[in-house]
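First comes the structure, then the notes that go with it.
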Amino acid sequence: MKTFYKIPLYLDMDGTIVDTASQMDYIFNNYFVDENHWRVPMTDGRYDKSSSDFVELECKLDQIPGLFSYHIVEPMVGALSVIEKLVATGAYDLHIITTAPWYNQSAWTDKIEWVQHYFGRDPESPFYKKVHLTHNKHQVIQNEGILIDDRSAHGAGLWDNPLIGSVWIQYDYNNLVWDGKLETILLALAERFNAYDGVGQPPTRDLFHQVLKNDIHEKHHDEDDFTGITNDFPENVSKQPWEMLYT
């Protein structure tokens, strides 16, 4: 097991390790009034499905206070168990990188609390002091690093850069999900990485493509294709939900 170098592995939150889309679906189907107009159950100024007190809000969907709380949004299927396996390989230096809505102060705190709730808050946590909140994910690109993100937005797509050996994997494309091909690929990459033990080791990007060489699937679309929200929306909504997010 390597102790001197690990593969930088950055994980997006919403739509990658957090099932935010299901809650967005629920809000659209139950609390939508008009574009950027909601009638939402709230407790102490925060979204609360169990509350009988409804509040009229004029804001974008991602600006609803409390939307990103661990009380509201759950992990993607398989995310926690696979991340635990990745930690056990010793091959990865794990980080969280996520965008929080600029006009939703609660989201910034809620995202940190979500990570601490599911992965711990002490130094033994794989994400201890390694959570990056930014609207510019390309500014955090690591040499020979990997980003797993469901969208190319906010610079995520720029991680796919052969000049510095970095890779962008688009989550939920061609079964690249935690309970699908993604687990197999990441564990196989870790095994190849550890086998070299620092001697004659190829770049991470080369190792990654070695793992994929017998697989017809690509690692991302050529263009952004966010399909996490799948229901049909009222005709008076002029924008798709993902166009309303993180502005």
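Derivation of every value follows stated rules applied to the coordinates shown; laboratory data play no part. Quick caveat, the model's predicted, so the values are computed rather than measured. Don't worry about glycine lacking a Cβ; one is built from the backbone with ideal geometry, like all the others, and counts go over all protein chains shown.
For this structure, a couple of remarks:
- Using C-alpha pairs under 8 Å with a sequence gap of at least 6, the mean separation divided by the residue count of segment 21-67 gives a relative contact order of 32 percent.
- For TYR47, distant residues with modelled amide H under 5 Å away: GLY66, LEU67
- Cross-linked pairs LYS137/LYS213; LYS49/LYS111; LYS85/LYS129; LYS6/LYS111; LYS130/LYS213: Cα-Cα separations exceed 23 Å for LYS137/LYS213; LYS6/LYS111; LYS130/LYS213.
- Rounded to the nearest 20 debye, dipole of segment 21-67 from Cβ charges on Lys, Arg, Asp, Glu: 120 debye
- 5 angstrom amide H check on LEU94, placed H, neighbours 5+ away: LEU9
- Gyration tensor verdict on segment 75-134 (Cα atoms; rounded if a/c is under 1.5, prolate if a/b is larger than b/c, oblate otherwise): prolate
- For ASN104, net neighbour charge (Lys/Arg +1, Asp/Glu -1) across residues whose Cβ lies under 15 Å away: -2
- The ranking of LYS49, LYS111, LYS213 from fewest to most other beta carbons within 10 Å of each one's beta carbon is LYS213, LYS49, LYS111.
- Cut-off under 5 Å, modelled amide H: who pairs with SER166 long-range: GLU144, GLY145, ASN161
- Projected label distance in nm at GLU58 and VAL77, using a 7 Å step from Cα toward the beta-carbon: 4.1 nm
- Global form of segment 1-41, assessed from the alpha-carbon gyration tensor, a/c cut-off 1.5: prolate
- Using the Karplus relation 6.51 cos²θ - 1.76 cosθ + 1.60 with θ = phi - 60°, the per-residue 3J(HN,Hα) values for segment 81-92 come to 5, 5, 4, 4, 5, 5, 4, 5, 5, x, 8, 10 Hz, with x marking Gly and Pro.
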